[in-house]
Amino acid sequence: MLSVCIGYEKQDAQWLTLPTDHAEVYEVVGKIREAHGWEPMRGEPFIRFATSEISNLPSYLEGYTYSMPDIMNQLNFLAARIAWMNTREKNIFSRALEIVDPEFLWQLIEITYNLDQFEEF
């Protein structure tokens, strides 16, 4: 399972369990904006916090701008990949993150396709 807490600047935030769809994201963003009197928001929401069965994954996601549809689609895809992993693969993925130290979301996804390269570590 993968969940992210998105918000704007220091304002309220809301949690999303991934994968999600556009309607749910718009509902969450609407709740955040409603809590602040529908004030205009600058920029895109960003990921404030994340939770995952893979203990070191959240640190790679926190701080990402949660843009739609690009980042939303990539996060949904990553969540789906993780959901199909068994415990052994999740452990390998966690170790791979420590070795590669990915900077981009697409690199996290790419690692999920190359777990066999990290089995020895």
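The values are calculated or read from the model by the stated rules, or taken from the named source; none is laboratory data. Model, not experiment: these values are computed from the prediction. Ideal geometry is used to build each Cβ from the backbone, glycine not excepted, and the neighbour counts take in all protein chains shown. Heavy atoms of the whole protein, side chains included, go into the accessibility calculation; ligands, DNA and RNA do not. Shrake-Rupley method; radii C 1.70, N 1.55, O 1.52, S 1.80 Å.
Here are some notes:
- Computed over protein heavy atoms with a 1.4 Å probe, the carbon and sulfur contribution to the accessible area of the chain reaches 50%.
- For the chain, the ratio of Cα radius of gyration to the globular rule of thumb 2.2 N^0.38 Å stands at 1.12.
- Degrees between helix 22-35 axis and first principal axis of the chain (Cα, 0 to 90, nearest 10): 50 degrees
- Taking the inverse of the mean reciprocal distance over all distinct Cα pairs, the Kirkwood hydrodynamic radius of region 1-65 comes to 12.2 Å.
- Probe 1.4 Å, accessible area per residue of the chain, Å²: 58 Å²
- GNM top mover of 76, 86, 56 - the chain, alpha-carbon springs below 10 Å: 86
- The chain - mean residue ellipticity at 222 nm from DSSP helices (-39,500 (n - 2.57) per run, n ≥ 4, rounded to 500): -14000 deg cm²/dmol
- Unit charges on C-beta of K, R, D, E only; dipole of the chain, Debye: 240 debye
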